[in-house]
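Trainee: Below is a structure I'd like to ask you about.
The values are calculated or read from the model by the stated rules, or taken from the named source; none is laboratory data. Everything numeric in this text was worked out from a predicted model, so none of it was measured. Backbone-built Cβ (ideal geometry, glycine too); neighbour counts: all protein chains shown.
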Amino acid sequence: MFKSIKYQNPEGTIIAAERDDGSVKIIEANEPDLFEAVKSGTLGAVANYVAPPEPTKTELLAQERAAMRCSPAQVRLALLRAGLLKDAEAIVAADPEAQIVWEYATVINRSSPLIEAMRGGKFTQAKIDEIFRAAMLITH
């Protein structure tokens with residue numbers, strides 16, 4: 001029935017059972033008969049819980065960047081306060097697609113092509129991160 005069974009949390013209250021076809025059945029205490037059968041070993045040995053590895057600094061930064069988004073006004077205010085608004089506007093002016101996004105977007109994502117187009121010179125990855133962190137704190 002199951003080719004592998006493994007606890008999914010340290011408390012032993014969630015069990016993942018992989019079927020022969022590769023699909024996974026999550027088994028919890030709200031299915032008492034199945035939960036007890038699995039937990040008792042009737043359907044096979046249950047492997048111990050193994051905590052996932054801690055994310056690396058690179059992975060954490062990638063997750064943070066993926067979640068960075070703010071309004072165009074927030075980005076412009078952060079750039080203005082950092083003394084970089086004119087530099088950003090010059091970069092945008094050189095790219096017709098960036099101009100459209102700059103003028104009409106309602107949300108700007110850190111991972112957007114507009115932001116990628118700004119990379120270089122004063123706009124290092126770290127500086128862009130700094131601008132987004134500051135922008136996301138601005139309320140308007």
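Trainee: Hey, among the residues in segment 118-135 that are crowded, with 17+ Cβ neighbours inside 10 Å and part of a helix (DSSP H, G or I), which one's farthest from the chain's Cα centre (by Cα)? Please lay out each step first, then the result.
Mentor: Residues of segment 118-135 that are crowded, with 17+ Cβ neighbours inside 10 Å, as a first pass: 118, 123, 128, 131-132, 134-135.
Among the residues that remain, those that are also part of a helix (DSSP H, G or I) are: 118, 128, 131-132, 134-135.
Details: MET118: 22, ILE128: 17, ILE131: 19, PHE132: 15, ALA134: 19, ALA135: 18 Å.
My answer is MET118.
Trainee: How many residues does segment 65-96 contain that are small (Gly, Ala, Ser), under 27 Å from the mean Cα position of the chain (by Cα) and not in a loop (DSSP other than H, G, I, E, B)? Break it down into steps so the answer makes sense when it comes.
Mentor: Going through segment 65-96, the residues small (Gly, Ala, Ser) turn out to be 66-67, 71, 73, 78, 82-83, 88, 90, 93-94.
Now restrict to residues that are under 27 Å from the mean Cα position of the chain (by Cα): 66-67, 71, 73, 78, 82, 88.
Pick out the ones that are also not in a loop (DSSP other than H, G, I, E, B) and you get 66-67, 73, 78, 88.
Qualifying residue count for the region: 5.
Trainee: Going by the conditions given, is THR106 of a type in the set (Ser, Thr, Tyr) and over 30 Å from ILE26 (Cβ atoms)?
Mentor: Taking the combined requirement at face value, the residue satisfies it.
Trainee: Continuing with this model, one more query. Is it true that GLN63 is closer than 30 Å to ARG133 by Cβ and either surrounded by 10 or more Cβ atoms within 10 Å (Cβ to Cβ) or not assigned by TED's automatic domain parsing to the domain that holds ILE128 (or both)? Step through it out loud before you land on a result.
Mentor: On the way: closer than 30 Å to ARG133 by Cβ: yes; either surrounded by 10 or more Cβ atoms within 10 Å (Cβ to Cβ) or not assigned by TED's automatic domain parsing to the domain that holds ILE128 (or both): yes.
Judged against the criteria, GLN63 is a match.
Trainee: I'd like to verify a number: residues in segment 85-111 that are surrounded by 15 or more Cβ atoms within 10 Å (Cβ to Cβ), touching a helix residue (DSSP H, G or I) at 6+ places or on another chain (Cβ under 7 Å) and either hydrophobic (A, V, I, L, M, F, W, C) or within 15 Å of ARG69 (Cβ to Cβ) (or both), how many? Walk me through it before giving the result.
Mentor: From segment 85-111, those surrounded by 15 or more Cβ atoms within 10 Å (Cβ to Cβ) are 85, 87-88, 91-92, 95, 98, 101-102, 108-110; that's our starting set.
In the following step, the residues that additionally are touching a helix residue (DSSP H, G or I) at 6+ places or on another chain (Cβ under 7 Å) were identified as 85, 88, 91-92, 95, 98, 101-102, 108, 110.
Those still in the list that are either hydrophobic (A, V, I, L, M, F, W, C) or within 15 Å of ARG69 (Cβ to Cβ) (or both) too: 85, 88, 91-92, 98, 101-102, 108, 110.
Adding up the residues that qualify gives 9.
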